[in-house]
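Beneath this line is the structure, given in structure tokens, with notes to follow.
The values are calculated or read from the model by the stated rules, or taken from the named source; none is laboratory data. Bear in mind that the values here come from a model prediction, so they are computed numbers and not experimental data. Cβ placement follows ideal geometry from the backbone for every residue including glycine, while neighbour counts extend to all protein chains displayed. All accessible areas refer to the heavy atoms of the entire protein, side chains included, with ligands and DNA or RNA removed. Shrake-Rupley method; radii C 1.70, N 1.55, O 1.52, S 1.80 Å.
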Amino acid sequence: MRFVTCLHKLLIALPFFLAPACSRAANFDIVVLGAKGGLEDGNLSAYFIRPITSDKGVLCDAGTILHGLKEATRTGAFDTHTLTSKTLSPEGEILHDRVTAYLISHAHLDHIAGLVAVSPDDVPKPILALPSVNAVLAEHVFNWQVWPNMSDRGPTPRLGLYHYQDLEPGRAVPLPQTPLQVQAYPLNHGGVESTAFLLISGSDALLYLGDTGPDTPQHSDNLHHLWQAIAPLVHQKHLHAILMECSYDNSQPTSHLYGHLTPHWVQKELQDLQTVAGTRLQGLPVIITHVKPTLKRQEDPAARIFEELNATNVTGVHFIMAHQSLHLRL
Ligand SMILES: [Zn+2]
């Protein structure tokens, strides 16, 4: 336990020492509730992100919620929160009082399973997503067939706990009860529309990418457009970090990416961002998400991916592997 705590503190401290490309002090607090891209049902994509000036924030994707909150509480990732409820457990208080909205990148189960599971005991919140994503949730998830309709669209009766808020690409929208704003950018996840969320706090920003494949093999330009949109923030050193998927290691053939990235393609995309931004990305924290676990007897895929990323790190970014209960201030 003591080792875990020490390691945890070290992980929190690391980004400070490694001098990110951003010239400013830490502005965002991130707790990883779930980090993996499938298989591990208690550890699927979910990132609680808040400005450090506020104790309230948003969940970027919601693959694992309650188990992730329990693990993060147990390992001290929420020690910076003062929890005072006489009636709610610590994870209940975080869920009810600190998580004020859900940002859903796409409606694949590994990004929404925790939201569905926790909904009977949740409090009213908006679900902010691109229209295509909210449409899938309304039609195929909260539809009384797969799950009761906890939302305010789709088959009646509508219980109305969750309010779908459609996001218009590139248009900033305030996030409830926080000083944050969000801008959504469409991504191409093997033909499925996925989303990148730019979280803005004053002049500072953090970028979260849902699942995405690389532009070139998908014959798309979604990532290139995203890089163009955030280039001024990178140039002015106002972007604090990027959370970006890397589902497979480099042994995965480009013909079988299923709308995901490998270290090779992460580098290619970061190089494109660097070119578009016209400035070095040196030291910019890039948090790697959505590694696919394996059932094979082999080394941890995350270890291999981390090695491969650093072996060809031409942009000099600071790669950090996401894992459950990781707590970062960037
Ligand atoms: Zn996924």
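Scanning region 285-300 for residues that are surrounded by 20 or more Cβ atoms within 10 Å (Cβ to Cβ) and within 16 Å of the ligand (Cβ to nearest atom) yields I287, I288, T289, H290, V291, K292. Is it true that some residue in region 137-156 is within 23 Å of D211 (Cβ to Cβ), surrounded by fewer than 21 Cβ atoms within 10 Å (Cβ to Cβ), modelled with pLDDT of 95 or more and in contact with a helix residue (DSSP H, G or I) (Cβ under 6 Å, 6 or more places away or on another chain)? Scanning region 137-156, I find at least one residue that is within 23 Å of D211 (Cβ to Cβ), surrounded by fewer than 21 Cβ atoms within 10 Å (Cβ to Cβ), modelled with pLDDT of 95 or more and in contact with a helix residue (DSSP H, G or I) (Cβ under 6 Å, 6 or more places away or on another chain), so the answer is yes. For the residues D61, D79, D166, the requirement of being open to solvent by less than 10 Å² (accessible area, probe 1.4 Å) and not polar (S, T, N, Q) singles out D61. Restricting V133, V123 to residues that are surrounded by fewer than 20 Cβ atoms within 10 Å (Cβ to Cβ) and closer than 21 Å to A46 by Cβ narrows the list to V123. For region 100-120, filtering for residues that are touching a Lys or Arg at 6+ places or on another chain (Cβ under 7 Å) and more than 16 Å from the ligand (Cβ to nearest atom) leaves 2.
Scanning region 192-221 for residues that are within 13 Å of the ligand (Cβ to nearest atom) and small (G, A, S) gives S194, G210, G213. Output the residue which, of all residues in region 243-256 that are out of contact with any Ser or Thr (no Cβ under 6 Å at 6 or more places or on another chain) and touching a residue at least 60 places away in the same chain (Cβ under 8 Å), is farthest from the ligand (Cβ to nearest atom). Applying the filter and picking the extreme gives C246. Under the condition of being touching a residue at least 60 places away in the same chain (Cβ under 8 Å) and basic (K, R), which residue from region 42-73 is nearest to D110 (Cα to Cα)? Applying the filter and picking the extreme gives R50. Taking region 3-40 as the range and being within 16 Å of the ligand (Cβ to nearest atom), surrounded by fewer than 18 Cβ atoms within 10 Å (Cβ to Cβ) and either on the phi > 0 side of the Ramachandran plot or at pLDDT 95 or above (or both) as the test, the residues that pass are G38, L39.
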